[in-house]
1. May I ask you to verify whether residue 125 is modelled with pLDDT under 95 and in contact with a Pro (Cβ under 9 Å, 6 or more places away or on another chain)?
2. Which of the strands (runs of 3 or more DSSP E) found entirely inside region 48-125 contain at least 3 residues meeting this: open to solvent by less than 40 Å² (accessible area, probe 1.4 Å)?
3. Condition first: open to solvent by 10 Å² or more (accessible area, probe 1.4 Å) and either within 17 Å of residue 32 (Cβ to Cβ) or of a type in the set (Phe, Trp, Tyr) (or both). Now tell me which residues in region 129-154 satisfy that.
4. Kindly indicate whether any position in region 30-45 is of a type in the set (S, T, N, Q) and touching a helix residue (DSSP H, G or I) at 6+ places or on another chain (Cβ under 9 Å).
5. With respect to residue 176, determine if the residue is charged (D, E, K, R), assigned to a loop (DSSP other than H, G, I, E, B) and open to solvent by 30 Å² or more (accessible area, probe 1.4 Å).
6. In region 180-227, which residue that is assigned to a loop (DSSP other than H, G, I, E, B) and within 17 Å of the chain's Cα centre (by Cα) is modelled with the highest pLDDT?
7. Inspect region 144-158 for any residue being closer than 20 Å to residue 73 by Cα, in contact (Cβ under 8 Å) with a residue 60 or more places away in the chain, outside any loop (DSSP other than H, G, I, E, B) and not charged (D, E, K, R) and give the result as yes or no.
Amino acid sequence: MDSTLKLKVKKLLRNPFPESRSHLIIHCAHHKVGTVWFERVLKAIASHYGLPFIKSDIRAIPPAGPSVYFDDHSKIDLSELTQPYRGSHMIRDPRDMVVSGYHYHLWTDEPWANTKISEFGPDISNYWPLLPVNDISHLSYKEYLNSLDREDGLMAEIQRASSVDIRDVMTWNYEDENILNFKYEDIMQDEEGTFRKIFSFYGFKEEAVSYCTRKAMEFSFSRQTENDDGKVNEKTHLRSGKLEQWRTEFSDSHKDYFKKLHGQDLIELGYESNFDW
């Protein structure tokens, strides 16, 4: 049986939607906000139900028809969609995004982090306006980060994330009623309950909600981050699930700089009520 026929058979036998209804499923996140974790979960669910799984990190429009569209940089323009959709969008405390990004970018093999900054062209100074790109153009971002001590390295990561990842979190449209916005911190404290809420919001029938929740728990974050000896593996996309890592990693200088750049953003996102942290 060829792959196309297998997909059709799966669709006939399994359908997560009630009464043969269906629509596009979207999940949007940001760099260092559980992207690898959610990709594994949603890819497994799409496979079970015979739904196409599409991953994108650029501004793109999903194809027509029911599918699972995974956008790990939240670049999709929801206003351009003409088909019915339901989706989810996950954010994280931007301070922990910085900490996670710093540790990850010290060793990552992602091409952008290993490309000489000079090769990005003159627009890189607009893309990373807070980084001294002219002075470090002979280095890749990873090389630059590894040339710094921890204090300066975290400061550099604040500068990089501020211009890209944190900006994207703040410019997201939180008013779309077809998108469930939730926090990384919520799911880390209650994985099962949050996944059930997500799948219910997608419009899945109860049987599918239960199945998808069980499948998601097979990819539980705690199971993915520990070695056999129970220790966290530093060199992995899923380095640590601990919350508020910034409290032990940020110095007073990091805190002051972050307040200057994003103190109000933290209040708007609900992570702080004032600047006294």
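1. Values: modelled with pLDDT under 95: yes; in contact with a Pro (Cβ under 9 Å, 6 or more places away or on another chain): no.
It is false that residue 125 is modelled with pLDDT under 95 and in contact with a Pro (Cβ under 9 Å, 6 or more places away or on another chain).
2. Working: elements: 53-56, 68-71, 85-91.
Answer list for region 48-125: 68-71, 85-91.
3. 142, 144
4. Restricting attention to region 30-45, the residues satisfying the condition of being of a type in the set (S, T, N, Q) are 35.
If we keep only those that are touching a helix residue (DSSP H, G or I) at 6+ places or on another chain (Cβ under 9 Å) too, we end up with none.
No: region 30-45 contains no residue that is of a type in the set (S, T, N, Q) and touching a helix residue (DSSP H, G or I) at 6+ places or on another chain (Cβ under 9 Å).
5. Values: charged (D, E, K, R): yes; assigned to a loop (DSSP other than H, G, I, E, B): yes; open to solvent by 30 Å² or more (accessible area, probe 1.4 Å): no.
So residue 176 does not fit the description; no.
6. Filtering region 180-227 down to residues assigned to a loop (DSSP other than H, G, I, E, B) leaves 190, 202-205, 219-220, 227.
Narrowing the set further to residues that are within 17 Å of the chain's Cα centre (by Cα) leaves 219-220.
On the way: 219: 93, 220: 88.
So the residue we want is 219.
7. Checked against the condition, which is being closer than 20 Å to residue 73 by Cα, in contact (Cβ under 8 Å) with a residue 60 or more places away in the chain, outside any loop (DSSP other than H, G, I, E, B) and not charged (D, E, K, R), region 144-158 yields at least one hit.
For (1) at pLDDT below 95; (2) more than 27 Å from residue 252 (Cα to Cα); (3) out of contact with any helix residue (DSSP H, G or I) (no Cβ under 8 Å at 6 or more places or on another chain); (4) β-branched (Val, Ile, Thr), each residue gets a yes or a no:
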residue: 116; (1), (2), (3), (4): no, yes, yes, no
residue: 132; (1), (2), (3), (4): no, no, yes, no
residue: 136; (1), (2), (3), (4): no, no, no, yes
residue: 141; (1), (2), (3), (4): no, no, no, no
residue: 151; (1), (2), (3), (4): no, no, no, no
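The values are calculated or read from the model by the stated rules, or taken from the named source; none is laboratory data. Being a predicted model, the structure only gives us computed values, none of them experimental. Quick reminder, even Gly has a Cβ in these numbers, built from the backbone with ideal geometry, and neighbours come from all protein chains shown. Please note that ligands, DNA and RNA were not included when accessible areas were found on the heavy atoms of the full protein model with its side chains. Shrake-Rupley method; radii C 1.70, N 1.55, O 1.52, S 1.80 Å.
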